[in-house]
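One structure is given here, and the rest of the page talks about it.
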Amino acid sequence: MVETHCVQAGLGYGGYGTVVQAEDQSTGSVVAVKLLHKDDDANEDIHLERRTYRRLVEGCDVAVNLFAQVIGSGSHDGFHCIVFELCHGSLYDIMKGLSGLAPLPGRHVLEMAYQMLSAIAYLHSLGIIHTDLKPDNIAVKYSDTTVVQWLDPLTGYHDKKILVTAQICILDLGNVVDAIVPTGNSGRVGTSQYRAPEVTLGCPWSFGVDAFSLGCVIAEIHLSDTLVPSASTTDQERLATVEKLVGPFPEDYAQSIEDRFPDTFAFEDTMAIVIYPPTDESISEPDHIAALRRLEQIRPISTRVHNGLLYDLIRELTRPNPAERLKMEDAVKHRYFDALDVMQLG
């Protein structure tokens, strides 16, 4: 199947391999082709993505249209390949200004947030956890744009390019796992800046890891900026980062963690505080200074998101205690979406 495709452009590169835009010369359609590195895990990733997409299709829910369609797979010169429908730019590209679309209109943030939560709610209903939600893994479905008059509070009205439609699609099902109920899953998953604290702590985790990640993504597309400028170098720094972003860990939850992992938290009155830097002096002075500088750059979400309903949604999705985090099926019913017309997801 892959032999009939002619590469037109590169779309991205990562630890998994390379994604290119290609034309199927037998049909004339333009698609995305992911070429994975030559190893056994890559072969398994292809089978996992195809199996997962098949489960989404078999679920017979309109939300399947919120995932990039898997068209087929094959190999080329020893490289395993998988063919997807072509989506047009990731949310990461938009945030970084590569498409000239940032900042996004509030209406588009509303619509994108609803679609993300609807897509993952459907995934969760099938007992599947994505585990690696981030702006790089969510794309806009269409690249058509128009120009509107945009009011900048500082400079007044000016021309602004916006998307004609804010439809998105979820990418990369190569890291999904089936939820283990009721004990929870284990192991390190996700990308540092979007990783839920229970994963960092080494505790059992479940569907809540996706909720935490999406809360961060929704905040970032609203702000057109990253919440965490660079990846944390240690788990303790990551916990301190989460604390600064979303607020303190609940005392009872922190105490349960401290009982398992001593010297994670200190307790002052009724407040739990992440111990950073570590008391065991496992971090060198230069690394400590660099980490403190990274932490200084981070501003709490509460000081950056001024839409009350949107902030409430983000806060409920990013609760440090996963047991208190908003479930996807409840998140799509949040009051923030009351302003949304009934959407046709297909």
(message) Consider the stretch 283-312. How many of its residues are closer than 18 Å to Tyr336 by Cα and among the β-branched types (Val, Ile, Thr)?
(response) 2
(request) Report, by residue number, each residue of the stretch 323-340 that is basic (Lys, Arg) and out of contact with any Leu (no Cβ under 7 Å at 6 or more places or on another chain). (result) Lys327, Lys333
(request) Name the single residue, out of those in the stretch 215-261 being out of contact with any Ser or Thr (no Cβ under 6 Å at 6 or more places or on another chain) and of a type in the set (Ser, Thr, Tyr), that is farthest from Asp132 (Cα to Cα). (result) Ser256
(request) Name every residue in the stretch 149-188 that is of a type in the set (A, V, I, L, M), within 20 Å of Leu104 (Cβ to Cβ) and surrounded by 12 or more Cβ atoms within 10 Å (Cβ to Cβ), in order of residue number. (result) Ile162, Leu163, Ala166, Ile168, Ile170, Leu171
(message) Scan the stretch 304-316 and tell me whether some residue there is out of contact with any Pro (no Cβ under 8 Å at 6 or more places or on another chain), surrounded by fewer than 16 Cβ atoms within 10 Å (Cβ to Cβ), of a type outside the set (Lys, Arg) and modelled with pLDDT under 95.
(response) no
(request) For residues that are in a loop (DSSP other than H, G, I, E, B) and among the hydrophobic types (A, V, I, L, M, F, W, C), scanning just the stretch 124-137, find the one that is surrounded by the most Cβ atoms within 10 Å (Cβ to Cβ). (result) Leu133
(request) Kindly indicate whether Val30 is hydrophobic (A, V, I, L, M, F, W, C), surrounded by fewer than 16 Cβ atoms within 10 Å (Cβ to Cβ) and not assigned by TED's automatic domain parsing to the domain that holds Gly184. (result) yes
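I'd like to check something: does the stretch 239-261 contain any residue that is on the phi > 0 side of the Ramachandran plot and not polar (S, T, N, Q)?
So far as the stretch 239-261 goes, yes, one or more of its residues are on the phi > 0 side of the Ramachandran plot and not polar (S, T, N, Q).
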(request) Hey, could you check the stretch 258-285 for residues that are modelled with pLDDT of 80 or more and in a helix (DSSP H, G or I) and say which is farthest from the chain's Cα centre (by Cα)? (result) Asp259
(message) So, Lys141, is that one surrounded by fewer than 21 Cβ atoms within 10 Å (Cβ to Cβ), more than 14 Å from the chain's Cα centre (by Cα) and in contact (Cβ under 8 Å) with a residue 40 or more places away in the chain or not?
(response) yes
(message) Anything in the stretch 71-121 that is small (Gly, Ala, Ser), in contact with a strand residue (DSSP E or B) (Cβ under 6 Å, 6 or more places away or on another chain) and in a helix (DSSP H, G or I)? List them, or say none.
(response) Ala119
(message) For the stretch 320-335, which positions are buried (at least 22 other Cβ atoms within 10 Å of the Cβ) and more than 15 Å from Ile120 (Cβ to Cβ)?
(response) Pro320
(request) Read through the list (1) free of Cβ contacts under 8 Å to residues at least 40 places away in the same chain; (2) under 22 Å from Gln8 (Cα atoms), then give the number of the only condition that Lys96 fails. (result) (2)
(message) So Ala121 ticks every box in (1) surrounded by fewer than 19 Cβ atoms within 10 Å (Cβ to Cβ); (2) small (Gly, Ala, Ser); (3) modelled with pLDDT of 95 or more but one. Which box is left unticked?
(response) (1)
(request) May I ask you to say which residue of Ser29, Ser90 is in contact with a Leu (Cβ under 9 Å, 6 or more places away or on another chain) and free of Cβ contacts under 8 Å to residues at least 12 places away in the same chain? (result) Ser29
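The values are calculated or read from the model by the stated rules, or taken from the named source; none is laboratory data. Since we're looking at a predicted model, the values are computed, not measured. All Cβ positions, glycine included, derive from the backbone under ideal geometry; neighbour counts span all protein chains shown.
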